[in-house]
Amino acid sequence: MKIFRHRLDLATTAPIEIVDLTERVREWVASTGVTDGLVTVITLHTTARINVNEREPRLQQDMVTHLKRAIPKDGDWLHNLDTVDGRDNAHSHLLGLFMTASETIPVSGGALVLGEWQSIFFIELDGPRERRAVELQLLGTD
């Protein structure tokens, strides 16, 4: 069993943004030579999440609209009264309660095991941000 680690750096440009990481993860897994195993994709941020879902532009717009409606930014949130970094981002933390910080995807035959319509997304909940990071950890055999 081998363990590989890799960091993906990215920037976001919108308050809530869905960034497709699938090809970057797929290419990195292929570069390791691992044929069978598990890759975990985890965000290093409390106001961003990782999700496996369908990549379709109108659906992604619906997802962003749903998140904005679910927990509005202008709510009367106590966290915004005394923020750590000057950002009124309580809504971002609250949205994160309903999502996962990581996803684990099987690797078989050197490829990600994803359904036909599945993609791996980084979901920004507190953008825009110049620097975001996603950690990849692959456990497997060659």
- Note on the structure: Whole-Å distance linking the alpha carbon centroid of segment 41-63 with that of segment 5-33 is 12 Å
- Message: Spelling out what I want: for every residue of segment 44-59, take phi, set θ = phi - 60°, compute 6.51 cos²θ - 1.76 cosθ + 1.60 (Karplus), and round to whole Hz; glycine and proline get x.
- Response: 9, 10, 7, 10, 8, 9, 10, 8, 9, 7, 8, 9, 8, x, 5, 5
- In deg cm²/dmol, rounded to 500, what helix-only [θ] at 222 nm does the chain give when every DSSP H run of at least 4 residues adds -39500 (n - 2.57) and the total is split over its residues? -7000 deg cm²/dmol
- Message: To the nearest 20 Debye, how big is the dipole of the chain about its Cα centre, given +1 on the beta carbon of each Lys and Arg and -1 on that of each Asp and Glu?
- Response: 140 debye
- Message: Rounding to the nearest 10 and keeping the result within 0 to 90°, find how far the Cα-based axis of helix 22-32 lies from the longest principal axis of the chain.
- Response: 40 degrees
- Positive-end extreme of charge dipole, the chain - chosen from 25, 8, 139 (charges on Cβ): 139
- Label-point gap, in nm, between residue 62 and residue 113 - each point 7 angstrom along Cα→Cβ: 2.8 nm
- Counting only Cα, what are the radius of gyration and maximum Cα-Cα distance Dmax of segment 2-141, in Å? 16.1, 51
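Any read-out appearing in this document is the output of simple, stated calculations on the displayed coordinates, not a laboratory observation. For clarity, every value in this text was computed on a predicted model and none was experimentally measured. Because the Cβ atoms are built from the backbone with ideal geometry, glycine has one as well, and the counts that use them run over all protein chains shown.
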